[in-house]
Structures are given as structure tokens and as C-alpha cells.
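Asks: Dropping the structure in here first, questions after.
No lab work stands behind these numbers, since they all come straight from the coordinates. Keep in mind that what you see is a predicted model, and the values were worked out from it rather than measured. Methodologically, a virtual Cβ is constructed for each residue, glycine included, from the backbone with ideal geometry; neighbour enumeration extends over all protein chains shown.
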Amino acid sequence: MISKWARYFLAALIPALTPAVAGAEGYNLQAPQTIIAHEIYDLHTLIFLICCAIFVAVFGTMTYSIIKHRKSVGHKAEQFHENTLVEIIWTIVPFIILIGMAIPATKTILAMKDTSNPDLTIKATGYQWKWGYDYLHEGVSFYSSLATPRDLVEDKTPDGARKRAEHANYLLEVDHPVVVPIGKKIRMIVTANDVIHAWWVPAFGVKQDAIPGFVRDTWFRVDKPGTYRGQCAELCGKEHGFMPIVVEALEPEKFALWLAEQKKLTAANAMASGSLDGKGVYDKICVACHAAGVAGAPKFGDKAAWAPRLKQGQEVLYTHALHGFKAMPLKGGATDLPDEQIKAAVDYLSAAGK
Amino acid sequence: MEAATHAEAAHGHAHGHDDHAHHPSGLMRWVTTTNHKDIGTLYLLFSLTMFFIGGLLAFGIRAELFQPGLQYWEPEFFNQLTTMHGLIMVFGAIMPAFVGFANWQIPMMIGAPDMAFARMNNWSFWLLPPAAILLVSSFFVPGGAPAGGWTIYAPLSTQMGPGMDLGIFALHIMGASSIMGSINIVTTILNMRAPGMTLMKMPLFVWTWLITAYLLIAVMPVLAGAITMILTDRHFGTNFFNAAGGGDPVMFQHIFWFFGHPEVYIMILPAFGIVSQVIPAFARKPLFGYASMVYATSSIAILSFIVWAHHMFTTGMPAAGQLFFMFATMLIAVPTGVKVFNWIATMWKGSMTFETPMLFACGFLFVFSMGGFTGLVCAITPIDIQIQDTYYVVAHFHYVLVAGSLFAIFSGTYFWLPKWTGHMYSETLGKAHFWLSLVFFNVTFFPMHFLGLAGMPRRIPDYALQFADFNMIASIGALGFGLSQLLFVAAIIKCARGGEKAPAKPWEGADTLEWTLPSPAPYHSFETPPVIK
Ligand code: HEM
Ligand SMILES: [Cu+2]
């Protein structure tokens, strides 16, 4: 619908307009890769063209007046100073134009918000200054940091300038990109650990603030395999400019291979670093509050305190432990632990409370 | 709106003897002054100084962004530059400049002898220099100046060093100054108008300031509350905005923007007022749609309280919230459009001349309106989600604040300089200032639209290679814009020191009361109130 309107306008106007509209790289929004990004692109084109038309009409009038109604060409001032009809018209007409803009915009908003029925859910966590990714149901987790060497960024010699110019994807490359399958609805759950960040991939039309203590979600479905690059879009401290986002979209088969590989790696890592079991996590972290019942925390083994909580079901307990609840900080404050270990600790606590 | 001639006659001799009799001279004159004109001058000079300090910081930003790579500053210092540039320009340059205009012009335009609370007026001004010193000195404390952006979002701002506390105190003091100034302006306008000057006969500049003053009184306490909560989060263990302690970081943004959006109108409504005086004067034709201008200004002010979350579309509010704030924001374009149409209708079939004030007013119309259009683009939620926190927004608000507020300040300065100094300014300098400003402004800020659309985030000290060309152009433009402003200073100094004597009414089409007074305006404006027919 929207794109039909936009095309209609484009067909009429594009030949007359500069590359700025035609979408020449670097002048306009990045080439859209998702439905939402497409809708945004068309919406922007539509509104841009309407604004241009109004601009030409209004300032054409002004320019005409500036040329014709000047004292130096002998124009005498008339003294009219109101005209109710004209004033009503130029209040109503913009109003109608605005409604015309609001209708397609509303549709896109509703589409952007629909995160239901995802095929894959990935949690992105903003840290000062890197991103952490958890594939929630696959048990795969990793960090993703800037891969451009710092020396290159800080090289102040003329040679440095040349090396930067030759460095493909300068500041837009990471050590571990997020990998997603094409053609699948990906739900991104976005949160942060310290201050507010924002997860932004322009080609997907996705930007979501990552807010500590809050969990927000957004979605995308990308159809073309490729590497898509974005950046943190909310000032988050000194390295704000140095925490890019790279998404690699693979065919489903390749994605499955990648995922299997990651699972093996994660398992190996867990073994190597002597992963904590539920009791281990409890003894290290949770004990701080749950032993004595600090700030209303249910005490370890206190059946009366645990009974109503257990009734909510294990999933709710997991969510509260993972994302925080009342005075309970997210992951008990141990935000670097993988979700699996926190869940194990919840199991351990609830077994003792039964 | 013409003063009866006897008022003018009364002035002629009243001033012969007591013009300079009642006040100390030298430095103490300025410290102790309760005179609206002296205080107006102080505000304007203060603002000019801050404008140059803020400009210097901006130049530091543009120098770093001239090329990819970290050339001059550490990222942390870069963030201090952007933050302090914003804070200084908003609270130190634009707002005080308009208060300066209010002080000089409102009593003269409504036929009053002075402001209502003359001593409080002195106090409102003299709070500003200590506040500015606090703010600027934050560069020299450990950890440096505030670096969380002028929006000082929590919880980033709770992480900063003591510079943040200095910034918070400075804002508190400036806020107090603004509130006092506003109370003074409201009281003056409501109580001290000359006989016969009904509200609907007031010059539009007075109207816009009346509305602005109400906005200030309403929202400065909100800002004070927000930054006080940051202060207690930082030092007294509260958790207003700390999620780990049960607080809400998004709440800070709601409170900040409840102040922040009316604040942007605080910075533009007086500019609308100035332009509404200048255009009729040089078109030699009454302002078109006076009543609708008043209603449009009022509705902009009222709407400005219900649009704040358009700055927060990416925080992830529910669809209903996004829709409401989108519709409300789009609605503001209607009264804004009405104003632009009225100004153009005022020019239509006039008999225009283009002295410097009129040039700046026309420049304002052209370029501010482009900022209005990009505002509309930002208001469309899905588009905003792409361009929020990018250079597109930076372009938008510089189009409205530099080409809007600042050009109006320039226009008003050239318009009233003859009245303030008694001399005509140099038309050559003024015109050069205008054309250079207009060209370099666009060279600096137009490419930023492209940068933002193509995906360059704001507030970053280094950028990917595809953004290099436009950044270089913007930096060159910024240098040119900054240097052009030296012409402004030159024009003011030249005019203050001498030059062709200005007649009481140098502009043929001007018809407000200040032009019935001699130039320079006498120390006490209207001792005998003029009578408005
Ligand atoms: C037609 C009128 C206007 C509309 C519809 C409008 C809309 C918007 C929107 C939606 C944003 C948020 C953009 C974002 O952060 O993603 C914004 C930002 C901004 N606008 Fe406007 N605006 C208008 C006029 C003005 C005026 C008159 C001023 C001031 C003189 C102004 C100053 C600002 C500033 C300072 C920001 C950015 C604040 C920041 O994030 O640092 N705007 N505007
Ligand atoms: Cu706003």
C-alpha cells in the first residue's frame, strides 16, 4: 500500500530529481534488506517528496514576492492584514496532508511491533563497550567486540591516514558477528548491563535502546545472505564510537552448521573454565542475600517463603533470576555468567525450598 | 499602536537633566544597576561571550571529525566537548540572548519605564556569570567536564566525576535565574502596559515572550527536579534511575524531555517574535494575521507539553504510546506552518527593502522551514527509529536553532542596534555577515542530513570511511561559519563606538513604541506613559 503510493510519486517525480532521491549510496537511507526497512524507506521517500513540493510552492511564492514586491522596483505596499478564508484554508490543507502521512506511518508502526511467533530468539546485551549475544534456546553465548586495531585508530602519522583509508570496514568490524539464518523471523531481546546503549542495524530498520534492568524486543527477517553492519546508537561513555554490530546472514543449512560448531565450542569452554553448577553459583553469588534473607529475599531452605514462589512455576523463577525482580538484581549481579548456570542455581534453590 | 505625540515631547526635556544623574559610574554601575537597558546589555554581552566559548568547543569537535582516525582528542574529552558545547549554547548563549532582548525591548514596546522588579532583575543576571564559571571550570576538575551529552541521560551521568556535579549546580543556578527573569517579564507585561494597550494590541515580540515566560516557569523546576535526582543518585544512595536498585533509567528521559521539548520552544518563540517585528517593518505593511499568530503561538506552547516522548521512540514504548506521540508531534506542524504562511503573506504585495535585519529574517524563513520539514520527518515514528541519534537529528536541530533562533537574534540585533547605540551599523559589514553566515551554515549542516541517513551515529569521535567526505565538508563549513561571526563582533563594536547618527525611527515601516523614543533610547524609557489609540 505504502510502496504503491511512494512509487506513484516516484514515477512522477524521479526523472526531475537528483540522485539524493534515487538512493545513490551515501545520500539516502541504506539499501533496505527487510520488509520493515523497505516500508521505512518508502515512507521517507514519500514524506521527503511531499515536503519538497510544499517547499517549492511556499518558497517559490516567497521568492516571487521578494523579486516583485520590492521598493526598488517601485512596488507600493498594500495594507491588507487578514483574510479569514485564506487563513482557514492554510490551516485545514496541511492538516489533511498530515493525515495522509499518518496513515501509512501507523501501519508500519504496528508491523514493527509485531514480535510474535519468532523462529529464533537472540538476546543482545550492551556492555561498556561491547555486545554480548545469547541464543536463548540453543545455549550459545559469546561477546562481540571491535576488531579494528586500536593502533590504527590512533595512528596520527600520514601513513596512518593511508592505512585507515585502505582498511575495509574500518570501525565496522567485530571479532564475533551475530549469525542468523535468512528467511527466518528473528526476535532480538535487547538489554544492557551498565548504561543505556542501542542496538542498531540500519539495513534492517531496527534500532532498539538497550536499557539496564529492562528487556525490550524487536524483530527482523532478512532474505539476502550477507554481512550487515551497524553501530551502537546511544551515547554510552568514552568508547561509544567503538562498539559496532555485525550481523551475518547465512542460508539455513550453513547456519545449522555454524550453530553446531558454536555449541561444541561453548561446551568446551564451559569444561575448560570449570563451569559452576547450581550449588557453585549459589555459594558464590546468591548466598549474599538468600542466606540471611536480605531485602526480602526468600531464605535458602525456608519452605514457607518458597512455597508461593514455587507455585508460579519454574519458568517465572528463571525469568526473575535472569532479568531481575524487585530488589533482586539481574542474574544476582553476576551478569557475566551464562543463563544456563543461573538457571541451575535457581533449580538448586528451589529444590531446597520444596 | 501609535504613541500620542505628547509622550515624545515629555521625553525631550525630561532627559536633559536627569539622564545620568542617579547611578554610579565605572564598573559599579554595571554591578549595581537595576536599569532594564543596562541589564539587557549585560545579558547580550554575556550571551555573546558564551556563544564564542561554545563555538570554540564546536570547532574542537569539527577538527577531530575532519578526517577518520583519532587526531587530537581522547574519546572521553571529545564527549566533554559535545556535551559542553550543547549546554553552553542552550543555557549560556541562546536563552540569555533572548532575555537580553526582553529586557531592552519589552518596557520600550509596552510603554513602561522599566521592568516590574528592578532589583530582582539585577539578581537574575548576576547569577549567570557564577553559573557559567562553575560550568566551564568543570573542565579542570579530575575526570573533566560532564561527558554524557547535553541530555545527561542516567545512568551514564551517574558514572561521571565531580565535573558532573559542577554542571548540575550550574544548571540549578541558571534555572533559578530563568525563573526569576520570567516572573519579572510576566509581571511587567501584565501590569505595566501603557493605557490603551490591550493584550491584543501588544507587539508580537511581547506576546511571544509572555508565552515563553510561562513555559519557562512551568518547566525549569522540572529540569531542576531531574538533575537533583541525579545528584542524590550520585551521592546519597538513592536509586531513582538505577535499575539494580529498583529505579528506572527511562523515567529520567521522560522527566528530562518533559522539560526538554518545551525548552526547544522557549528557544524559538522569542525568535518568532523578533521576525514578526522585522518583516512588517521592511515590507512596510502590517503583520498579516496578527490574531492567528497569537493563537498559533499559544497552541504551539500548549502542544509542546504533550509531545515529549518523540525523543524516546527507540526506548521501546508500546505502540499506543508511539502513535499518540507521533500524532501530537505532527500536529505541531500546523501552527508552525500557519506562522510561516503569515510571514510570507506579510511580504506579499509589500514594498520591501533588504537591509541586514530583513536579510536575516528572510534567511530565517528559508532555512528554519527546512528544519521544520526535517522535524516532521523525525516525527514519523518509523522513520525516526532509523534516524534517531544520528547526524540527521543533529542537522535538524541546528537548522532550527542556528538558522532559527540564532539568525533571529542577529536580525533583532541589527534591527535594534540603532535604538540601543544611537548609531547606524555598517550595512556592508552586516550584509557580509549575513551572506557568509548563510552560505557557511548550509555548507556545515546540509551534508549532515546525508550522513545521518547513511547511518552515522551522533556523538562519536571517529567514523567509518564512507562518512569521510561529508564530514570534511562540514568541518570546512564550520571554520567558515565561526570566522564569519567575527564580522558580527566587528559590526557591533563599530556601531557602539560611532558612526552615522541614527534617527528616532530609522526604519520606514516600523511602528512600535520604541521608535517614538529618541536614539539612543534615554536611560529611563517612558516616564510619562504614552497613550495608545
Ligand atoms: C515542525 C516543528 C518540529 C517538529 C515536528 C520537531 C520534531 C522533532 C523530533 C521528532 C525530534 C526527535 C528526533 C530524535 O531525537 O530522533 C526532534 C529533535 C530536536 N528538535 Fe525538533 N521539531 C520541530 C521543531 C523544532 C524547533 C522549533 C526546535 C528548536 C528551536 C527544535 C529543536 C530540537 C532539538 C534541540 C532536538 C534534539 C534534541 C537532542 O536529542 O539533543 N525542533 N524534533
Ligand atoms: Cu521535541
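Asks: So if we plug the beta-carbon distance of A:Lys263 and A:Asp175 into 1/(1 + (r/R0)^6) with R0 = 25 Å, what FRET efficiency do we get, rounded to 0.05?
Replies: In this case the efficiency is close to 0.85.
Asks: With charges set only on the Cβ (+1 for Lys and Arg, -1 for Asp and Glu), what does the dipole of region A:189-253 come to about its Cα centre, in debye to the nearest 20? Can you show the working numbers first?
Replies: Numbers: 6 positive and 9 negative charges, 40 e Å.
The calculation lands at about 200 debye.
Asks: Ranked highest first by the average count of other Cβ atoms within 10 Å around their residues, in what order do B:440-449, B:91-100 fall?
Replies: Ranked from most to least packed, the peptides come out as B:91-100, B:440-449.
Asks: Taking only DSSP H segments of four or more residues, each worth -39500 (n - 2.57), what value at 222 nm results for chain A once the sum is divided by all its residues, to the nearest 500 deg cm²/dmol? Intermediate results must be reported in sequence, preceding the final value.
Replies: Numbers: 12 runs with 156 residues, N = 354.
Theoretical 222 nm ellipticity from helices: -14000 deg cm²/dmol.
Asks: Taking the simple approach of a point 7 Å from Cα along Cα-to-Cβ for both B:Met472 and B:Gln71, what is their distance in nm?
Replies: Spacing of the two 7 Å Cα→Cβ label points: 1.0 nm.
Asks: Quote the relative contact order of chain A in percent (integer), defining contacts as alpha-carbon pairs under 8 Å separated by 6+ residues.
Replies: The normalised contact order for chain A reaches 14 percent.
Asks: Using just the Cα positions, wrap region A:276-353 in a convex hull and report its mean projected area in square nanometres, one decimal place.
Replies: 4.3 nm²
Asks: Let me ask something additional. Placing +1 on the Cβ of each Lys and Arg and -1 on the Cβ of each Asp and Glu in region A:120-258, which of A:Ala192, A:Gly226, A:Ala165 has its Cα farthest towards the positive end of the resulting dipole?
Replies: Positive-end residue among those listed: A:Gly226.
Asks: Here is a further query. Report the charge-dipole magnitude of region B:415-533 in Debye, nearest 20, computed about the Cα centre from +1 at each Lys and Arg Cβ and -1 at each Asp and Glu Cβ. Present the calculation step by step, with values, prior to reporting the outcome.
Replies: Working: 9 positive and 8 negative charges, 28 e Å.
Dipole about the Cα centre, nearest 20: 140 debye.
Asks: Sort largest first and round to whole Å: the equivalent ellipsoid semi-axes of the protein assembly as shown, each the square root of five times a Cα gyration tensor eigenvalue.
Replies: 54, 31, 25
Asks: Against the globular-protein guess of 2.2 N^0.38 Å, express the Cα radius of gyration of region B:24-154 as a ratio, rounded to two decimals.
Replies: Details: Rg = 17.9 Å, N = 131, 2.2 N^0.38 = 14.0 Å.
In units of the globular-protein estimate, region B:24-154 measures up at 1.28.
Asks: May I ask which of B:Lys285/B:Lys419; A:Lys68/B:Lys349; B:Lys339/B:Lys431 have a Cα-Cα span longer than 18 Å here?
Replies: B:Lys285/B:Lys419; B:Lys339/B:Lys431
Asks: Within 10 Å of each Cβ in A:225-232, how many Cβ atoms from other chains are there, averaged over the peptide?
Replies: Mean shielding by partner chains, rounded to a whole number: 2.
Asks: Now a separate question. Quick one: helix B:162-191 against the long Cα principal axis of chain B, what's the angle to the nearest 10°, folded into 0 to 90?
Replies: So the helix axis and the longest Cα principal axis differ by about 30 degrees.
Asks: Here is a further query. Considering the options A:Trp306, A:His320, A:Tyr282, tell which one lies farthest towards the positive end of the dipole of region A:276-353, charges being +1 on Lys and Arg and -1 on Asp and Glu at the Cβ, about the Cα centre.
Replies: A:Trp306
Asks: Compute the relative contact order of chain B as a whole-number percentage, counting only Cα pairs closer than 8 Å that sit 6 or more residues apart in sequence. Can you show the working numbers first?
Replies: Values: 881 pairs, mean separation 111.2, N = 533.
Once normalised by length, the contact order is 21 percent.
Asks: For the modelled label position 7 Å from the Cα of A:Ile89 along Cα-to-Cβ, which residues of region B:332-373 have backbone nitrogen atoms closer than 20 Å?
Replies: B:334-350
Asks: Could you check the simple spin-label distance between A:Cys52 and A:Asp159, using points 7 Å along Cα→Cβ, in nm with one decimal?
Replies: 4.7 nm
Asks: Could you please state, rounded to a whole Å, how far the C-alpha centre of region A:115-175 is from the C-alpha centre of region B:429-472?
Replies: Cα centroid of region A:115-175 versus Cα centroid of region B:429-472: 27 Å apart.
Asks: Continuing with the same structure: Quickly estimate the mean residue ellipticity at 222 nm for chain B, helices only: each DSSP H run with n ≥ 4 gives -39500 (n - 2.57), and the total goes over all residues, rounded to 500.
Replies: -22500 deg cm²/dmol
Asks: So the label point goes 7 Å from the Cα of A:Ile67 along Cα→C-beta, right? Which residues of region A:33-56 then have their backbone N under 15 Å from it?
Replies: Once the point is set 7 Å along Cα→Cβ of A:Ile67, A:56 turn out to lie under 15 Å by backbone N, inside region A:33-56.
Asks: How long are the semi-axes of the equivalent ellipsoid of region B:387-486, taking √(5λ) for every eigenvalue λ of the Cα gyration tensor, in whole Å from largest down?
Replies: 32, 14, 9
Asks: What net charge do the residues around A:Trp306 carry, taking every other residue with its C-beta under 13 Å from that of A:Trp306, with Lys and Arg at +1 and Asp and Glu at -1?
Replies: Charge balance near A:Trp306 sits at +3.
Asks: To continue, here is another question. Against the longest principal axis of chain B, how steep is helix B:407-421, in degrees 0 to 90 to the nearest 10, with axes from Cα atoms?
Replies: The two axes meet at around 30 degrees.
Asks: Could you tell me whether chain B comes out rounded, prolate or oblate from its Cα gyration tensor? Rule is a ≥ b ≥ c as square roots of the eigenvalues, rounded for a/c under 1.5, then prolate if a/b exceeds b/c, otherwise oblate.
Replies: prolate
Asks: For every other residue with a beta carbon closer than 14 angstrom to the beta carbon of B:Phe252, add +1 if it is Lys or Arg and -1 if Asp or Glu, then tell me the sum.
Replies: Residues close to B:Phe252 contribute a combined charge of -3.
Asks: So, one more: Whole angstrom only: what separates the Cα centroid of region B:494-515 from the Cα centroid of region B:243-270?
Replies: One Cα centre to the other: 42 Å.
Asks: Find which of A:Gln262, B:Phe324, B:His311 sits farthest along the positive direction of the dipole of the protein assembly as shown, computed with +1 on the beta-carbon of Lys and Arg, -1 on that of Asp and Glu, about the Cα centre.
Replies: B:Phe324
Asks: Per the Cauchy relation, a quarter of the hull surface: what is the mean projected area of the convex hull of the alpha carbons in region B:237-305, in nm²?
Replies: Projected over every direction and averaged, the Cα hull of region B:237-305 covers 5.9 nm².
Asks: Then there is this: Relative contact order (percent) for region B:334-408, with alpha-carbon contacts under 8 angstrom and 6 or more residues of separation?
Replies: 39 percent
Asks: Suppose the Debye formula is applied to equal point scatterers at every Cα of region B:24-87; what is log10 I(q)/I(0) at q = 0.12, 0.13, 0.23, 0.29 Å⁻¹?
Replies: Values, matching the q order: -0.48, -0.52, -0.89, -1.15.
Asks: Give A:Lys123/A:Lys263; A:Lys207/A:Lys279; A:Lys107/A:Lys184; A:Lys107/A:Lys263; A:Lys303/A:Lys331; A:Lys224/A:Lys331 a once-over and call out the pairs whose C-alpha atoms are over 28 Å from each other.
Replies: Beyond 28 Å: A:Lys207/A:Lys279; A:Lys107/A:Lys263; A:Lys224/A:Lys331.
Asks: Using only the alpha-carbon atoms, how far is helix B:427-454 inclined from the longest principal axis of chain B? Give it as 0 to 90 degrees, nearest 10.
Replies: 20 degrees
Asks: Other chains' Cβ within 10 Å of B:310-321 residues: what's the mean?
Replies: Neighbouring Cβ atoms belonging to other protein chains average 4 per residue here.
Asks: Once you average over the residues of A:103-116, how many Cβ atoms of partner chains fall within 10 Å of each Cβ?
Replies: 4
Asks: Now a separate question. Can you give the log10 of the normalised intensity I(q)/I(0) at q = 0.10, 0.11, 0.12 Å⁻¹, computed with Debye over equal Cα scatterers of chain A?
Replies: One equal scatterer on each Cα of chain A leads to -0.81, -0.91, -1.01.
Asks: Let me ask something else. Between region A:51-78 and region B:281-326, how many Å separate their Cα centres?
Replies: 26 Å
Asks: Here is a further query. At a Förster distance of 30 Å, what's the computed FRET efficiency of B:Ile493 paired with B:Ile133, Cβ-Cβ distance as r, to 0.05?
Replies: 0.75
Asks: For region A:120-258, rounded, prolate or oblate, judged on the Cα gyration tensor with a ≥ b ≥ c (square roots of eigenvalues), a/c < 1.5 rounded, else prolate if a/b > b/c?
Replies: Cα axes put region A:120-258 in the oblate bin.
Asks: Only helices at least 18 Å long along their axis, Cα-based, and averaging 0.0 or more on Kyte-Doolittle count here, so list those DSSP H runs from chain A.
Replies: A:35-68, A:84-113
Asks: Determine the dipole magnitude for the protein assembly as shown: charges of +1 sit on the beta-carbon of Lys and Arg, -1 on that of Asp and Glu, nothing else is charged, the reference point is the Cα centre, and the result goes in debye to the nearest 20.
Replies: Roughly 1020 debye, rounded to the nearest 20.
Asks: Still on this structure, please answer the following. How much of the DSSP beta bridge set in the protein assembly as shown is antiparallel, as a percent to the nearest 5?
Replies: Of the beta bridges lying entirely in the protein assembly as shown, close to 70 percent run antiparallel.
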